[in-house]
Amino acid sequence: MWVVLGLLVTHPLGGVVALPLLARLYIRQKDLGDAPENARPVFATTLVMAVELVRWAHGWLKWWAKAVWVVADGAYAQAPVLKPLRALG
């Protein structure tokens with residue numbers, strides 16, 4: 001499964017399109033056990049990955065004084081996501 005950060009842009013023919021900007025591959029923790037220790041990625045939940053992606057975008061967009069808007073379904077509207085994002089401003 002992928003955790004994806006998208007950039008919303010207006011299409012010249014009308015409407016809005018979301019373009020994938022940055023993504024992280026999510027691997028379940030129980031599936032990491034078979035990988036060699038030196039090749040195993042650090043486990044992170046999808047919620048932690050989502051916060052990291054938004055922090056990355058916030059770091060770039062603040063240079064242009066642009067706001068970051070987060071649109072998420074109910075699964076991401078939880079304290080592990082909302083609390084760190086509120087701290088960004």
Taking the range 1-15 as the search range and keeping residues that are of a type in the set (A, V, I, L, M) and part of a loop (DSSP other than H, G, I, E, B), which one is nearest to residue 57 (Cα to Cα)?
-> 1
Looking only at residues in the range 30-78 that are more than 25 Å from residue 18 (Cα to Cα) and assigned to a helix (DSSP H, G or I), which one is modelled with the lowest pLDDT?
-> 34
Out of curiosity, is residue 18 touching a Gly at 6+ places or on another chain (Cβ under 7 Å) and either outside any loop (DSSP other than H, G, I, E, B) or of a type in the set (S, T, N, Q) (or both)?
-> yes
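The values are calculated or read from the model by the stated rules, or taken from the named source; none is laboratory data. Note that the structure is predicted; figures quoted are calculated from it, not measured. Cβ: placed from backbone, ideal geometry, glycine included. Neighbour counts: every protein chain shown.
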